[in-house]
Structure formats: C-alpha cells, structure tokens
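Reviewing the structure listed below.
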Amino acid sequence: MIAINIKRGFINQLLILIAVLLLIPIILAIYLFHMVNATELGMIQSHQKVLEEAMDYLDDSFGNTSFEDTVKRLNIENLQRRDQEKALNQALKPIVDGARKKYPELDIGFYSKSFDVILDGNNDHLHENFSTRRKRNFDDAMESEKPVFEVLGQPGSGQLETYRPLMRDGKIIGAVWANENINQIYKRIDVIQKDVYGIILVGVFLGFGGAFSVINKFVRSVDDIKEGLETLGNDPTYVLPKASGELGQITDAVNAMFKKLIDVQQYNDLILTSIDDGTVSIDINENIINFNPAAARILSLDNSCLGRKVDEVFNGSTPFAGLLKSTLDRKPVKDLDVIYDNTSERSRHLLISTSLMINVRQELVGALLHCRDITEIVRLQESVSRQERLASLGKLVAGVAHEIRSPLTSVTGYMQFWNKGHAPSAKSLNIVNRELRRLATMTDQLLEFARPSKAVFTECDLNGLINRSVQFFADAHGGDVQIYCQMQDDLPPAYIDPHQIEQVLSNIMYNAYQAMESGRGILEITTWHEKETGMLGTAIKDNGCGMSKEVLEQIFEPFFTTKAKGTGLGMAIAHEIIKAHKGSVLVESEPNRGTTIKFLLPEYRRGDSCVEGFNC
C-alpha cells in the first residue's frame, strides 16, 4: 500500500481560496447587518436623549403650575372651551418658542389631559395634528407613567416621536412631546453601506482572482498528467513527470502503482505459463480475452482465437462454450468429467470447473474455465482397478466356492441317497428345492455385484424417492419400527439412477431392521445439501446392536456377513452403486449404540444429461 503524506499544495490552496471566497461575502454581509443596525440603533438612542433633554427643558420651563392654574390666572374660565384652548395655547407659546429656539431641529409641545388637546403655541392648526395614533401614545405614556418612543415612516423620510407624562403634585395633568425628522440618520447609514459594499466587491474580486489563478495552474498540471497517462497506457516503460505539491504525490503514487500492476501481471503470466492446467477466460460479451499455453495445448487454441466469440472457437460437439455461457448466467460447474474428442489427437479425459470473474466492486466481468488433463490418471486408475479386481478374484472365488459348496453338498447327498433306490420324501424334496433357490439367489447377487446393470442417470427428487422407499418399508415393518424423517425442504434434484438408489436404501434399511432387537426399534432418516461440493447427503440411523471396529473394516467386502443366513453381498452391492454414482459412503457404529450410514450423491446440474461429451 502506498502512503501519501498530505502537504500544502495546489489542492489545499484551492480549497482555502474557495473557502475564503465564500466566507468573505458572508462575513461582510454579517458585518454590514450588524454595523447598520448598531449604527441605526446608536443614532436613534442618541437622538432619543436629545428629545428627552428637550422635554425636560419644556417641563422645567412650564414651572410648577398646571393647565387649570394657567386658565385661572388668565381669568378665562367663563369663555367657551374652544376659546379657553386658544387662550391657553397662546399663553404657552413663549415657553414652546423658547424650547424650539434651543432645539431648532425639534417639533415640541404640550398635551392637556383635561382639554384633550395638543398645545404647541400655534392656534392656526389647533386640533389638526391630533391623530388617533398620537392620542394612543399620549394615553400609553400617562397610563404607564413612562416615556413612549416611536419611529415612523420609511428610510429617508422617517420621524422619531417621544411622549412623556407631565406630573404636578403627584397627579398626571398631561404630557410633553417632541418629534424629530431622522433623515440624516439614514443618510449616514447609506454612506456606511456604500463603504461596506465596496469592501465586499474588493474581497470578491481578490477571491475570484486568486482562485482563478490557482485553478488555472491546477488544470494545466492535470492536463499534463492526463497526457502522461495516455502515454503510459501505450508505453509501460514511460514514467509520469514529477509535478509540484500534492499532484506530485499523485504522479509518484501512479508510477508506483503502475509498476506494481506490471509486476503482478508478469507474475500472473509466469504462473499461468508454468502450470499444466489450462485456463480460458471470456468477458460478459462472450468474447475470449485470455488463455494460457496449457489451454492452447489441450484445446488446440492459437492467438487468432483472442477477441472471437466463444461459439466460434468451440464447435457444438464440445461442451466448453455452453459451460462458459451458463457460468455467465451464474451457473458454474465444479469437477465435471468430460471426454474431449480431438480429431488431431486421441480422446482426452478433462476435469472441468468454471467460475465467475468478479471485480473489486462485486460486478460480474466475465467467466473462467479451468481444465485439467486427467487422461493418464484415468488410465492409471483403470489399470489399478484391474489389478485390484484380479487380486480380489482369488478371494471372491474362495468365497463363492464356500457359499456354493454347502447347498451342493446337501443336494449331492440326497441325489446319491435316491440313486440307491430310496424314494424321495416330501421333506427331502423341499430341502433340495430350498438349496437350489439359495444357489439361484446367490448367483443373481453375484452377477449383480460382478457385472452391475448400466446406470440410467436422470434428474430425480431425492426426498420423494426416500419417502417412497420408507413407505414401502413401513408397509412391511411399520408396526415394529418407528420411522422419523427430517428432510431439507429446498433440496435440489439429484443426478442418479432412481432404481439403483432405491435398492441401496432398501438394503440399508433392511440391515438396520435386522440389527434391532426382536426387529423393534427406531429408524431416523435425514437429508441435507452441501453447496460447497454440490453433493446431496442422506443419513440412515438405527438404534440396533451396532458393530465393532473389526466388523466395520470388512462391511463392504463381498460375502462378509454377521448374519447366519446372509449372503454378504447386500452392502457390497450398495457400495458399488454409490461409487458408480461418483458418491461416497461413511459408516459410523459402536457396539450396543446403533449404526449411522451416510452417503453422498451428486446434485443435478444444467447440462448433466444433455451436453455431449460427459462421462456419465
């Protein structure tokens, strides 16, 4: 694994500049919002203080008197209310004018609670500027006994109004008020906004300019690397030039990785070249993309086959094209014995396996066929098998002679007795007939063992076959034996001869029945599927008398039996049938603890019965 230390380079610079580019307008916008609001609030608060000072001045200038005292002092109590208001307003004019002179930018005056009128020293618009809004503000100030502030209007034409209760002798007699046009505040804020916008534009310009410069440099470096990669694809000896910053680390990593890939490819090519097993690979479009020298030798391939469809390379008389295409459909095969007839050479025995080619992203990219030439191994096995049969022939003949001598002795004795003039009795005739039937049965079993009938392989439901055999056995011994079956529900079909496997089941179950005490006991039958090996398992367990280790070693020997009337061929025949099915048998037993016989049979695979060339 190539470790890359992250250093400051183009990528970091680019990321930092982009981050700055994004942060500058955000920060400046936040700053603008804060600055404008703070400035506006500060200015308004400053002007509020001026308004409060003006109202304090007006309150102090009015003295400790009240509006009612002023009316009495003016001796206008007998006038109409309207005239009293005008006279009172005229009397307050010097005080209001004095306040306006000191605060010329303000509009200032009194409000009389008893007269419910604004008194600003001008009788021309008396009652004209007394709106419902201002009446509400006066009432709020007098009820809360606290100043009331209000900002009116839109930016550029706003107005700040202030109202404060007017108290005399602990009683609220009205209010004083002051207004100011705050256009100048908004003008100052506009100036500040223009300054901030200018700063934002400068920051954005600098950010974009710097980012463009770095990106331009980065893109040029990337283009150089792209051109180098194209050259590297055509010339494995080419080395990417060293770039600066992190791109330099990338070019170093690519050079190191490509060198490692070349080394791995050369190593794989060396392995494929040196092994004796042939390999052929195709892509998902069924085109041949690679094969090793062993495959070229075994399957007669050459370089012209590369890139061609698998159907074009392998004709219909061979199963290879069908096996590879079915593997692409996710139906691989394992250890399939195929006889390959090559016109230029003698027939070959090939052991074929196929597998899916999956990349690191778990995507299907093709299929691989692996073939092993086992022709010599098969011939050696046949030779060894012939020698083993010749070696066991003497033992077999001795066993046959022993088994036949006993009934022949009985028959010969009676024949000699009858030849002396004695008449055969019914008992003697029955004995002779029984011994002759025994000889006939033994001869049939011996022929079946020595020359078993040819198996007719077909797709078969193993669970269904076992259920039928169990039902037949239960009809004969169901009252004496308790049978428990535990079948795997999703068991795939088996590739067997149903009649021969039924005979195996019958022999094993009958032996289990004979091993039980008084023919009573428990029989358990189980099936399972071994997905890794593609085999279907069957186990038959009894609780009979069991067998010793010495007996186990001879259980499949012809004519070996522990039963008084047994021929010793039942288990031998069953063993031969399982071997003919390319299966295996395992026997587990202990004295007085029962026996379990397990055997494996091949599952049915696509092409088992229809693809030409299979050695079934």
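The values are calculated or read from the model by the stated rules, or taken from the named source; none is laboratory data. Everything quoted here is computed from the prediction, not taken from an experiment. Reconstructed Cβ throughout: ideal geometry from the backbone, glycine too, with neighbour counts over all protein chains shown. Only protein heavy atoms, including side chains, enter the accessible area calculation; ligands, DNA and RNA are left aside. Shrake-Rupley method; radii C 1.70, N 1.55, O 1.52, S 1.80 Å.
Would you mind stating whether His402 is closer than 30 Å to Pro602 by Cα and at pLDDT below 85?
Criteria not met by His402.
Going through the range 487-540 one residue at a time, which ones are open to solvent by less than 30 Å² (accessible area, probe 1.4 Å), among the small types (Gly, Ala, Ser) and out of contact with any strand residue (DSSP E or B) (no Cβ under 7 Å at 6 or more places or on another chain)?
Residue satisfying the conditions is Gly519 alone.
Among the residues in the range 41-55, are any in a helix (DSSP H, G or I), farther than 29 Å from Val191 by Cβ and in the same structural domain as Met167 (by the TED database)?
yes
Between a first residue in the range 527-539 that is over 14 Å from Asp335 (Cβ atoms) and assigned by the TED database to the domain that holds Val470 and a second residue that is crowded, with 18+ Cβ neighbours inside 10 Å and charged (D, E, K, R), which pairs have beta carbons less than 6 Å apart while being 6 or more apart in sequence or on different chains?
Leu536/Glu603
Return the residue satisfying two criteria in turn: it lies in the range 67-114 and is in a strand (DSSP E or B) and among the aliphatic types (A, V, I, L, M), and of such residues it is modelled with the lowest pLDDT.
Here the residue is Leu106.
Each row is one residue, and each column tells you yes or no for (1) at pLDDT below 70; (2) outside the structural domain of Ser46 (by the TED database); (3) open to solvent by 80 Å² or more (accessible area, probe 1.4 Å).
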residue	(1), (2), (3)
Asp116	no, no, no
His127	yes, no, no
Asp139	no, no, no
Phe149	no, no, no
Thr162	no, no, no
Trp177	no, no, no
Phe208	yes, yes, yes
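Out of Ile250, Ile189, Ile199, Ile215, which single residue is outside the structural domain of Ile44 (by the TED database), at pLDDT below 75, over 22 Å from Leu23 (Cβ atoms) and in contact with a helix residue (DSSP H, G or I) (Cβ under 9 Å, 6 or more places away or on another chain)?
Only one candidate qualifies: Ile189.
Residues checked against (1) among the basic types (Lys, Arg); (2) at pLDDT below 90; (3) part of a helix (DSSP H, G or I):
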residue: Leu465; (1), (2), (3): no, no, yes
residue: Arg468; (1), (2), (3): yes, no, yes
residue: Phe472; (1), (2), (3): no, yes, yes
residue: Asp475; (1), (2), (3): no, yes, yes
residue: Gln482; (1), (2), (3): no, yes, no
residue: Cys485; (1), (2), (3): no, no, no
residue: Leu491; (1), (2), (3): no, no, no
residue: Tyr495; (1), (2), (3): no, no, no
residue: Gln500; (1), (2), (3): no, yes, yes
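Pick from Val384, Val333: which is under 26 Å from Pro492 (Cβ atoms) and of a type in the set (A, V, I, L, M, F, W, C)?
Only one candidate passes the filter, namely Val333.
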